[in-house]
Amino acid sequence: MPAALDDLLPRGGRPRQLGAKAVLLGVMLALDAGRPAHVLAAWRALSALALPDQLSLGFAQSKDGACHGATYRQVSDTFSVLCRGIDPSPVPSFRDVPDQERLLHLAATRSGIDTEAVAARLDAVSDALVEASVPAAHKGASSSLAVDWTDHETWSRARPAEDLQPANDPDASFGHAKRNAPGAKDYLFFGYYAQVATMVRDEGGAQVPELVRRIAVHAPRVDPVAVMTQTLVRLSGDGVALGDVLADCGYSNRQSQTFAAPLRRAGANLVMDLHPDDRGRRGTFEGAVVANGALFCPATPEALLDLGPLKRGASEEETAAHDARFAELMRYKFCALSAPDDDGYQRVVCPAAAGKVRCPHKAASLARSYERPTVAHPPAEPPRCCAQVSITVAPQVNEKTRQKHEYAGPAHRDSYARRTAAERTYSSLADPAVGGIRRGWCRLFGRTKNTLMYALAVVVRNVRIVESFERRQAQKTRAQSIGPRKRRRRHQRDAESPSEQPVLEVRTAPG
């Protein structure tokens, strides 16, 4: 938390009693108790603390042998001063003013405001809050991140286009909420897109707590992919190494300059799901077929190039058949002959020259075993990729779809399965049992206040995740130290033989 936030509070006059940290702690206590993100709930949470805790936080003061706590107005004023220190453009909240005057007042309050400086301050505060909730022991546990966005409805309602009066939340806008659950329908909402970057385990690494490392809250009129790219690049600039970045087709479908290229320059390895419009054959380069982020032989069967990801809920037989087709497709893929240079150029070799297929254009390959596929119909006029043993691939080729593992393969499927950590993050934040995030959860207007409340909710969630993870690890360590439990041997009594069973005598009454 930047120390300069406390300097924003006014000096002199009646003692304010309350610092920025105390107010933020009160909000987190209210969120942890399942209460909504309201300043009143924060004041109630601070009032419920023990007197020594109130005194240590500055919420209560002792004077002349009597203790008195801060009022709700003092808590609300401190929170307002904190928000104005981040964003000096206030959100007008008066109602009995004519529409034209309200529009003029809104334009006057927001004119001359450096929006880039406001965004930088808000990003610095939210990044510091979220990063402070990650313990030092877990900061370097993994470098892989799963990213995703979801809808975050504001408490304000949009107004009709013919109404000159602006909405109570002028920073919000309409967005599209997509629901993948069976029977759920997509709909329009008025609010923000909330994004998270959740830490997941590295490939082949040990389990790590799925902690949120960064968040981003922006109106839907701003491209969420560009915002997340800037957030991850800023995370890398803060000294956090970027490893695998797992994203769905909502991110990979954007232009390479918006998502893929900046993250590669920051050192990230992309593991993405390709949009249906980006799958399959997408042109050629030097005669080689461009498909699914790789280069393939010009004679690759079309049925193999159209191979998509394994469908959800596939059986073992379907999985084995899919993986067999993928292995056949990889025989036609160009092989890397060298690592990319500083400018991104790379040398690749023909699959026939690499010994993976038999091709008439490469006479030496015909001497290989018939276990390898044979190109039955090679191009009549060999293109450059067939006439030469190897070709140089520019970094612009497959810049949008190139990723760490070959798309639709077993390695890609296992690696991409880690992206569900982002979905679990939203599930834990929206869990109604702990006062989950929903419309009405935060009755504050403006991107600054909504981002601040969302960041505090993520901090509370991270603390819970760390406690649960460390408790499970302690239980596993204790179980391993004790060793496997010994099964008690139960002695079953032998069933009594028929001869040893008592014989019941049936007597009838006389007469």
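Here are some notes:
- Probe 1.4 Å, protein heavy atoms only - accessible area per residue of the chain in square angstrom: 55 Å²
- A straight chain from Thr319 to Asp306 at 0.36 nm per residue would run longer than the Cα-Cα distance by 3.0 nm.
- Close amide H contacts of Cys335 (hydrogens built in the peptide plane, cut-off under 5 Å, sequence separation of 5 or more or a different chain): Val349.
- Residues with amide H under 5 Å from that of Leu145, placed H, sequence gap 5 or more: Val200, Gly243, Asp244, Val245, Leu246
- Of Ser252, Gly239, Tyr187, farthest towards positive along the dipole that unit charges on Lys, Arg, Asp, Glu beta carbons give region 176-313: Tyr187
- Taking a straight Cα-Cα cut-off under 20 Å and skipping sequence neighbours fewer than 8 places away in the same chain, the aspartates and glutamates within cross-link reach of Lys63 are Asp53.
- Rounded to the nearest 10 square angstrom, Leu235 shows an accessible area of 0 square angstrom against a 1.4 Å probe.
- When you filter the GluC sites (Glu not before Pro) in region 351-453 for DSSP loop state and at most 14 other Cβ atoms inside 10 Å of their Cβ, you are left with Glu371.
- Taken about its Cα centre, the chain carries a charge dipole of about 1200 debye when Lys and Arg each add +1 at the Cβ and Asp and Glu each add -1 at the Cβ.
- Which listed pairs, of Lys178/Lys333; Lys311/Lys356; Lys139/Lys185, have C-alpha distances above 30 Å, in listed order: Lys178/Lys333; Lys139/Lys185
- Divide the volume of the convex hull around the Cα atoms of region 281-427 by the residue count and you get 134 Å³ per residue.
- Farthest positive-ward along region 413-484 dipole, Cα basis, beta-carbon charges - from Ala455, Gln475, Phe445: Phe445
- Protein heavy-atom surface of region 287-381, 1.4 angstrom probe: 52% of the accessible area is carbon and sulfur, with nucleic acids and ligands not counted.
- Stretching Asn180 away from Ala394 to a fully extended chain increases their span by 73.3 nm, per 0.36 nm per residue minus the current alpha-carbon distance.
- Computed about its Cα centre, the charge dipole of region 164-304 is approximately 140 debye, with only Lys, Arg, Asp and Glu carrying charge at their Cβ.
- Shape class of the chain from the Cα gyration tensor (axes a ≥ b ≥ c, square roots of the eigenvalues): oblate, since a/c reaches 1.5 or more and a/b does not exceed b/c.
- Shape call, region 129-229: gyration tensor on alpha carbons, a/c limit 1.5: prolate
- Only the Cβ atoms of Lys and Arg (+1) and of Asp and Glu (-1) were treated as charged; on that basis the dipole of region 276-345 about its Cα centre amounts to roughly 200 debye.
- The Asp343 and Ala117 beta-carbon pair, evaluated with R₀ = 35 Å, returns a calculated FRET efficiency of approximately 0.50.
- Amide H to amide H, with H built 1.01 Å from N, Thr284 comes under 5 Å of Val290, counting only residues 5 or more places away or on other chains.
- Using the Karplus relation 6.51 cos²θ - 1.76 cosθ + 1.60 with θ = phi - 60°, the per-residue 3J(HN,Hα) values for region 253-261 come to 7, 6, 4, 4, 5, 8, 10, 5, 5 Hz, with x marking Gly and Pro.
- Among 201-209, 448-456, the order from most to least packed when residues are scored by Cβ within 10 Å on average: 448-456, 201-209
- Between Ala124 and Ala226, the contour length at 0.36 nm per residue exceeds the Cα-Cα span by 35.0 nm.
- Between the listed residues Ser62, Tyr416, Thr284, the Cα displaced farthest toward the positive end of the dipole of the chain, a dipole computed from Cβ unit charges relative to the Cα centre, is found at Ser62.
- Helix-only mean residue ellipticity at 222 nm for the chain, each DSSP H run of n ≥ 4 adding -39500 (n - 2.57), per residue, nearest 500: -10500 deg cm²/dmol
- Structural descriptor for the chain: relative contact order 16 percent, calculated from alpha carbon pairs under 8 angstrom and at least 6 residues apart.
The values are calculated or read from the model by the stated rules, or taken from the named source; none is laboratory data. Quantities reported herein were computed from a predicted structural model and do not represent experimental measurements. Note: ideal-geometry Cβ built from the backbone for every residue, glycine included; neighbour counts use all protein chains shown. These area figures cover heavy atoms from the full protein model, side chains too; ligands, DNA and RNA do not enter into them. Shrake-Rupley method; radii C 1.70, N 1.55, O 1.52, S 1.80 Å.
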